[in-house]
Amino acid sequence: MDHRNNIPGNKHNRTKTAGRYGQRVASLYNRYRRLHHRGSTAGRTWKLLLAATLILPLLAVFTLGVAAAAAYDLYIKDLPSLEKLEKRQVFKTTKIYDRNGQLLYELWDPQAGRRTVVPLSEMPQTIIDATIATEDAHFYENPGVDPLAILRAAWQNYTGRQVVSGASTITMQLVRNVFFTSEERYQQTLSRKIKEAILAYQLSQRYSKDHILEMYLNEIYYGNLSYGIEAAAWSYFGKHARDLTLGEVSMLAGLPQAPSEYNPLLNYKAAKQRQAEVLERMVKQGYITAEQAEKAKNERLTFARQGFDLRAPHFMMYVRNLLERRFGPEKLYYGGLQVQTSIDSNLLAIAEKAAREHIAKIKNRNANNAALVAIDPKTGEILVMLGSVDYYDPSIDGQVNMAIAERQPGSTLKPFTYVTAFERGLTAATVIMDQPIEFPGDSRQRIYRPHNHDWKWHGPVTVRRALAASLNIPALLTLKYIGIPALLDTAHKMGITSLTDPNRYGLSVTLGGGEVKLTDLTFAYAPFANNGRQVGAAVPLPERQPGMREYEPVAILKVTDADGKVLYEYKPGEGKQLITPQQAFLINSILSDDEARQGTYGRHSFLSLSRPAAAKTGTTDDYRDGWTIGYTPDLVAGVWVGNANNEPMKDVYGVAGAGYIWHNFMEDALTYLNKPPTPFPKPEGLVQAQSCALGRTDTAWNSPMVTEWFIKGTEPHKGLDGSPGGWILDVTTTRRDDGLPEVQTVQRPILTCASWPGVWPAAPTPESRTPPSPTAVTEPAPAKVVVPSVVGLPEAEARRRIEAARLKNTYANYQGHDALPESVLQKVPIGHVLSQTPEGGTIVAPSTTVYLAVRKD
């Protein structure tokens, strides 16, 4: 359908009119005559304005004409023949291999293999309109060059002191792609621009506008190995160009300016933003209505299965994009390059098996997709990039690479919050009160009242337990202690490339209130596994941004040309020490502590391996995303589970979805890599000491001691009573004049641990206690009791024995196949105790709570 027929005042009619410039001058002249006839002052003003309107463009055109004539004489002798338009360059195939030499893919001639020439009459009118609106609004009026656009670009480039506008018409773009080499094509030089303009003018004299437009739409590169609109239509949407919808057309029309940057299969968010720009220009120039634009913007796009089979398809597209940016399309597709990548095909097969098997098990909970990235922390090399469980399944948007898609990461950002706090003096033994608290809200809510995932409050907890068990309130208070900018600085320097709008994020950013990429997040965890040091490919200086990462994950190991000349080779260097080895050790110790996290995950969950390993999960609101990022000293792996279309899953936590895949992949991958179990290294500069943890009973505070690792100089001093002291993150809440809460946090020493006046929960008042009967004989409570062993017993019997021992059990963690391996579950029948904390035989104070993990299925 020709959308222009219904738009009043449409300017694209291809008839012989005076043109836009003539219409403007005529309009000004008619207004001048009306005002002049009245003899008004306004008439004299319009007379001057009309004169300026007529004279200044003539002067500009005259000046340009003189300059153009001189340039024409100077460059005409060096210009190539227009006959080159009909010729094509002979190509040499580029081959891409995995790290072990296995051929992954062979790039054929995109000119012959991915181009289908179609006449203009078989193209949808919408693609013609969208292309002209986006690339050259005055295409049917200019002589191959747009003098006014050149003047505007020259002024913008001069005032901006850089090239911000190129003023290239459609004809000039066609000339650039046909007559210039890839090196010349991207040179921002006056010489090249002049040659381009002259050839564009000559081309306009030789061919009709429709023929030039037809050549352009069959020649221009749309990314994804697609030259020309017909190839692009098949490549992205699996249909003829003539059958494209307005939504699909507007997506494709935005690609030629930066096909790698706007590729919807690699960067869907940027592609949608570019699509919106195209539609806005079409509305502005009268090709479509605002209602049609809005409908096209909201149209659901279904991408087609690619017409070729290849190993590691998502990784291949990722690498192809990197190669294209570094070497340009011409060298990539014609240069006969031999490319050795970092991927390990055997590890990829292990990842595919782990992901597909588990997604098949939880598909009935609307979990349809998964992505996995594995990186060598010592080199920064990407060993696995799995973007979806099935690249060729359009029902799950399988071609969208979820390994590089931006999604909310849940609690996986908490380690960056705590390691930043370690830099500012917080310790793993610092006590934080996990209790109800209020913060000022954002535009959506006046007051922010956060809660934990279990909707419970756990009283005083150490940083170790808070991070290991992924408690939200302590994380928010810790972020309040360090400040949001400090967290973002740490995340950026360690590898996160998103989260770049600090005004957008509140305290909830540590809980996942922003978007990150799985590849970035996995790379950002690598320094934890590598003693605080990040290793990777150095970001080129021109591309390096202040405060952002200086290294990036490695996907390409070596590139040679057809003659065997090495064009690029990655050699791992020393990298950069981002956090101290002591800070990395504390994070590793906490995230590998199975006892510290058992209150949330139970013992022996999927976060535990048969060797030392650290792991962190994340789950977003409504279960839209589940994450697990974990590592050993030899391998870092990140897993995402969810739906590419953002549909929520049904009660799939990070450990139950992504954790299961992570566990199975890591066990098999480390076996395949023949890596022996290796503990995380303990650097110098650490001391072990006792610290007060401020435990409690129901009616009074007691003071259990914990033995913790401290960075030397941060260990607690003795309390006033001579017992071990400790640290507490003191929280003060006041009310501002507008009634909103004001929260202040500061770390203070615990001076009198044994009699610390706790406020969680409030001690019962004397009036509220039931007085004992006068005749009752009160048996003195023992000072210490022994915890009975209840593992393997039915839950009811276990609870009875715990109560008989003057202990309490108010919490049971029910674990099943969604959280624990079969090898652990099969040890006890359903309904029996899998594990307990504290363990049997431990001597504790009366009324201590015993936590149970009970098998549920």
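Structure notes:
- In this structure, residue 706 does not satisfy being buried (at least 21 other Cβ atoms within 10 Å of the Cβ) and part of a strand (DSSP E or B).
- Boolean, residue 212 is at pLDDT below 85, β-branched (Val, Ile, Thr) and open to solvent by less than 20 Å² (accessible area, probe 1.4 Å): no
- Neighbours by Cβ (under 9 Å, 6+ apart or cross-chain): first from the range 706-726, aliphatic (A, V, I, L, M); second open to solvent by 50 Å² or more (accessible area, probe 1.4 Å): 706/690; 711/580; 720/751
- Members of the range 391-407 that are open to solvent by less than 10 Å² (accessible area, probe 1.4 Å) and over 14 Å from residue 302 (Cα atoms): 401, 402, 403
- Considering only residues in the range 220-234 that are modelled with pLDDT under 85 and hydroxyl-bearing (Ser, Thr, Tyr), the one that is surrounded by the most Cβ atoms within 10 Å (Cβ to Cβ) turns out to be 227.
- Qualifying residue in the range 76-94 (condition: at pLDDT 75 or above, on the phi < 0 side of the Ramachandran plot and surrounded by fewer than 18 Cβ atoms within 10 Å (Cβ to Cβ)): no
- Considering the range 95-126, the residues that are in contact with a Gly (Cβ under 9 Å, 6 or more places away or on another chain) and open to solvent by 30 Å² or more (accessible area, probe 1.4 Å) include one that is modelled with the lowest pLDDT, namely 114.
- Sub-8 Å Cβ pairs linking a first residue in the range 427-448 that is open to solvent by less than 30 Å² (accessible area, probe 1.4 Å) to a second residue that is among the acidic types (Asp, Glu), at least 6 apart or interchain, are 427/708; 427/715; 428/708; 429/708, ordered by first then second residue.
- Residues that are among the charged types (D, E, K, R) and either modelled with pLDDT under 95 or surrounded by fewer than 19 Cβ atoms within 10 Å (Cβ to Cβ) (or both) within the range 483-520 comprise 489, 501, 504, 515, listed in sequence order.
- 1 or more residues among the aromatic types (Phe, Trp, Tyr): qualifying strands (runs of 3 or more DSSP E) within the range 785-857: 812-815, 851-855
- Residue 778 hydroxyl-bearing (Ser, Thr, Tyr), modelled with pLDDT under 80 and either within 15 Å of residue 849 (Cβ to Cβ) or open to solvent by less than 80 Å² (accessible area, probe 1.4 Å) (or both): no
- Filter result for the condition that a residue is open to solvent by 30 Å² or more (accessible area, probe 1.4 Å), part of a loop (DSSP other than H, G, I, E, B) and closer than 19 Å to residue 415 by Cα, over 648, 681: 681
- Complete set of residues in the range 806-833 that are farther than 23 Å from residue 361 by Cα and at pLDDT 75 or above: 806, 807, 808, 832, 833
- Taken together, 722, 654 contain a single residue that is closer than 30 Å to residue 626 by Cβ and either modelled with pLDDT under 95 or surrounded by fewer than 21 Cβ atoms within 10 Å (Cβ to Cβ) (or both), which is 654.
- Residue in the range 590-605 that is of a type in the set (D, E, K, R), touching a helix residue (DSSP H, G or I) at 6+ places or on another chain (Cβ under 8 Å) and over 18 Å from residue 412 (Cα atoms) present: no
- Positions within the range 573-616 being at pLDDT 95 or above, of a type in the set (S, T, N, Q) and either within 23 Å of the chain's Cα centre (by Cα) or open to solvent by 10 Å² or more (accessible area, probe 1.4 Å) (or both), in sequence order: 577, 580, 582, 583, 589, 592
- Per the listing 421, 403, the residue uniquely within 24 Å of residue 272 (Cβ to Cβ) and in contact with a helix residue (DSSP H, G or I) (Cβ under 6 Å, 6 or more places away or on another chain) is 403.
- Residue-level check: of (1) part of a loop (DSSP other than H, G, I, E, B); (2) of a type outside the set (S, T, N, Q); (3) modelled with pLDDT of 90 or more; (4) surrounded by fewer than 16 Cβ atoms within 10 Å (Cβ to Cβ), residue 698 misses just (3).
- Scope the range 199-234; condition in a loop (DSSP other than H, G, I, E, B), without any contact (Cβ under 8 Å) to a residue 40 or more places away in the chain and more than 13 Å from residue 171 (Cα to Cα); matching residues: 222
- Scanning the range 571-589 for residues being in contact with a helix residue (DSSP H, G or I) (Cβ under 7 Å, 6 or more places away or on another chain) and in a helix (DSSP H, G or I) gives a total of 5.
- The listed residue being modelled with pLDDT under 95, in a helix (DSSP H, G or I) and either among the aliphatic types (A, V, I, L, M) or surrounded by fewer than 20 Cβ atoms within 10 Å (Cβ to Cβ) (or both), out of 353, 363: 363
- When the range 729-743 is filtered for residues that are in a strand (DSSP E or B) and either in contact (Cβ under 8 Å) with a residue 24 or more places away in the chain or surrounded by 13 or more Cβ atoms within 10 Å (Cβ to Cβ) (or both), the ones remaining, listed by number, are 729, 730, 731, 733, 741, 742, 743.
- Complete set of residues in the range 303-325 that are charged (D, E, K, R) and modelled with pLDDT under 90: 305, 309, 311, 324, 325
- Sole residue being touching a Leu at 6+ places or on another chain (Cβ under 8 Å), β-branched (Val, Ile, Thr) and either open to solvent by 30 Å² or more (accessible area, probe 1.4 Å) or farther than 29 Å from residue 649 by Cα (or both), chosen from 379, 420, 462: 420
- Subset of the range 791-805 (residues that are modelled with pLDDT under 80 and surrounded by 14 or more Cβ atoms within 10 Å (Cβ to Cβ)): 805
- Close pairs from the range 562-584: first β-branched (Val, Ile, Thr), partner in a helix (DSSP H, G or I), Cβ under 6 Å, at least 6 apart: 579/419
- Within the range 235-253, the residues that satisfy the criterion of being open to solvent by 30 Å² or more (accessible area, probe 1.4 Å) and part of a helix (DSSP H, G or I) are 242, 243.
- Leading residue by the ranking (modelled with the lowest pLDDT) among those in the range 617-641 that are among the polar types (S, T, N, Q), open to solvent by less than 20 Å² (accessible area, probe 1.4 Å) and touching a Gly at 6+ places or on another chain (Cβ under 8 Å): 620
- Test: residue in the range 314-324 that is within 28 Å of residue 551 (Cβ to Cβ) and part of a loop (DSSP other than H, G, I, E, B): no
The values are calculated or read from the model by the stated rules, or taken from the named source; none is laboratory data. Predicted model, so just to flag it, every value in this text is computed and none were measured. Note that each Cβ is placed from the backbone with ideal geometry, even for glycine, and that neighbours are counted across all protein chains shown. Side chains are part of the model used for accessible areas, which takes the heavy atoms of the whole protein and leaves out ligands, DNA and RNA. Shrake-Rupley method; radii C 1.70, N 1.55, O 1.52, S 1.80 Å.
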